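Colleague: Here it is: the structure, laid out below.
The values are calculated or read from the model by the stated rules, or taken from the named source; none is laboratory data. All figures in this text were calculated on a predicted structure; none of them were measured in a lab. For neighbour counting, all protein chains shown are included, and Cβ atoms are generated from backbone atoms with ideal geometry for every residue, glycine included.
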Amino acid sequence: MTRGRSRRRTAAARERRRTPSFREMRARLRTEKAEAKLLETETKIHQEAARMRMGLRPRR
């Protein structure tokens with residue numbers, strides 16, 4: 001039983017030390033950019049909704 005645990009522990013330690021591949025880094029960057037764009041869009045939607053509630057026309 002102890003032997004199996006130590007293997008998992010070393011595998012986890014190895015995974016932490018591993019440097020991400022170019023493909024993984026690029027995917028992470030694309031994901032972060034997409035999330036930032038989504039948050040920006042969501043902010044615009046909420047601002048437009050607030051203006052509409054106040055009776056103003058939305059800007060374009």
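Colleague: What are the residues in region 12-26 that are surrounded by 10 or more Cβ atoms within 10 Å (Cβ to Cβ) and at pLDDT 95 or above, if any?
Modeller: Result: Glu24, Met25, Arg26.
Colleague: Next up: For the structure I just gave you, tell me whether Arg53 is at pLDDT below 95, over 15 Å from the mean Cα position of the chain (by Cα) and loosely packed, with under 10 Cβ neighbours inside 10 Å.
Modeller: yes
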